[in-house]
Amino acid sequence: MPDHTYNRVEFFSGEKIPLEMHKARMVQRVHLRPVGERLYVLNSTGNNTFLLPNRDVFLDMLTDSGVNAMSEAQYAAMLLADDSYAGSETFYRLEKTVREFFGLEYFLPAHQGRACENILATAYVKPGQYMVTNYHFTTTKAHITRVGGLVYECVSDEASVTDSVNPFKGNYEMAKLAGFVDKVGVEKIAFVRIEAGTNLIGGQPVSLENMREVAGYCRSKGLRLVFDASLLADNLYFIKTREESCRNRSLSDIVLEMSGLMDVIYFSGRKLGCARGGGIALAHEADYRKLRDLVPLFEGFLTYGGMSVREMEAMNVGIQETLDIDTISQTPIFVQALGEALQAKGVPVVTPFGGLGCHVDARKFIPHVPQEQYPAGSLGSAVFLTGGIRGMERGTMSEQRNPDGSEHLSSVELLRLAVPKRVFTLSQMMFVADRLGWLYEHRDLIGGLEFEDEPETLRFFLGRLRPVGDWQERLAEAFRKDMPTGL
Ligand SMILES: Cc1ncc(COP(=O)(O)O)c(C=O)c1O
């Protein structure tokens, strides 16, 4: 695999350090509470990092969604927003950018990524039909199953191997796709979806070559191909740096080839475009007409789709900035720096390093905690306790239960430490590595979690859990012994 240190300025000393190609001109104060307070907050918020108030969090590594640092050009554009219900200039500017960026003719606005999924599921999926995908995302699956559909995954088996050298672990395994379509028949497939990069398996990318293969297959079978481009910025960086044939191609050229393969592209503008919104780009008029009527029903009129016009302006600029290598490299090179620092302390992390964030392999970190006790969730609690660091469980807790009520055990148990673009400093990343290094040395103390309040849908968002036993008190005690200030 090519060394993915593209865009790192060389240091004379030979050290590999991710150098920021921006400077901070506005900052937000953060607070590190002592361990006793962290323990109290953790238990009063149901051991669910989604429920932690920001005021009690030191480093918010929950997600990159809507929390990337915006550029000065994005803020400036917000002042130009044309606030009107219908026919806003802001919409036409955004539509033009999306058309040029993806090269697809039609565009529909929606307030965020899952809103696009709601529209697609409502329009395309009949009960008993499948959405075939490389790997599912939580909200995608929830929308498909909500309308009576089913999800089938065709990612290669290597996707769940956490310490791999495969540069494109998000790729489709073509034999799985063809085998499944042959088995159930094309009429049972609502659409085929490519998610690039793949969120739940560690921000792992999909290669352009694989996209070509999937598209060629779909065309030969008359299957609709839908692309979830929410995590496109990271994926684009990995295609550019890891896919030999793309090394000398411009980012725009790569995006245009990729999107030319798709029938429908949707995205969360909270990620792609670093603002707060979303949208659907479409190649065919018939699809546009089918989906169009659902926008005013679910989202808002066609020229704002539930978004604030200021956010639309910011998204417009943010999408254009996706074609700047210094912008899109920032998360991957910080993820790599954090990952290498964690590896140096023996902490098991997902490799190759992906986009979105650094992913800790909870099954390897705490093999004594059974999957039924949500190891990635309990590791998330322990990491908050240890350093005020808020990560996100990406494992069994993020799965839906099977229709018979049994647990659907995830193929991977990951604690994601998201690295939103341009938000953290390198010293903060080193603090994270230091605290996880301490925790790794005390990993035997970590126990499991159990639900005390389990919502039926997307339970990981609002569910409340309690520790199995008193392991959190014992962990806090050990921390206090080693760090008498409690910080
Ligand atoms: C791959 C992917 N698809 C869809 C979504 C949903 O987007 P949103 O959070 O804007 O609803 C996300 C959000 O994390 C995502 O990562």
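Below are the figures for this structure:
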{"quantity": "Helices (runs of 4 or more DSSP H) contained in segment 373-487 and holding at least 1 residues aromatic (Phe, Trp, Tyr) and over 24 Å from the mean Cα position of the chain (by Cα)", "calculated": "426-441, 471-482"}
{"quantity": "So residue 334, is it of a type in the set (Phe, Trp, Tyr), within 19 Å of residue 203 (Cα to Cα) and within 16 Å of the ligand (Cβ to nearest atom)", "calculated": "no"}
{"quantity": "Within segment 105-131, considering residues that are farther than 21 Å from residue 296 by Cβ and more than 16 Å from the ligand (Cβ to nearest atom), the one nearest to the chain's Cα centre (by Cα)", "calculated": "130"}
{"quantity": "Matching residues in segment 200-213 - criterion: being modelled with pLDDT of 95 or more and within 16 Å of the ligand (Cβ to nearest atom)", "calculated": "203, 204, 205, 206, 211"}
{"quantity": "Strands (runs of 3 or more DSSP E) wholly inside segment 214-282 that include at least 1 residues being without any contact (Cβ under 8 Å) to a residue 12 or more places away in the chain and within 16 Å of the ligand (Cβ to nearest atom)", "calculated": "none"}
{"quantity": "Some residue of segment 175-191 being among the basic types (Lys, Arg) and within 16 Å of the ligand (Cβ to nearest atom)", "calculated": "no"}
{"quantity": "Cβ-Cβ under 8 Å pairs, at least 6 apart or on other chains, segment 10-26 side of a type in the set (Phe, Trp, Tyr), far side in a loop (DSSP other than H, G, I, E, B)", "calculated": "11/17"}
{"quantity": "Count of residues meeting criterion [polar (S, T, N, Q), surrounded by fewer than 19 Cβ atoms within 10 Å (Cβ to Cβ) and in contact with a Phe, Trp or Tyr (Cβ under 8 Å, 6 or more places away or on another chain)] in segment 292-322", "calculated": "1"}
{"quantity": "Failed criterion for residue 289 (all others in (1) part of a loop (DSSP other than H, G, I, E, B); (2) free of Cβ contacts under 8 Å to residues at least 60 places away in the same chain; (3) surrounded by fewer than 20 Cβ atoms within 10 Å (Cβ to Cβ) hold)", "calculated": "(1)"}
{"quantity": "Cβ-Cβ under 6 Å pairs, at least 6 apart or on other chains, segment 141-153 side assigned by TED's automatic domain parsing to the domain that holds residue 178, far side aromatic (Phe, Trp, Tyr)", "calculated": "150/130; 152/130; 152/180; 153/135"}
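The values are calculated or read from the model by the stated rules, or taken from the named source; none is laboratory data. Model, not experiment: these values are computed from the prediction. Cβ: placed from backbone, ideal geometry, glycine included. Neighbour counts: every protein chain shown.
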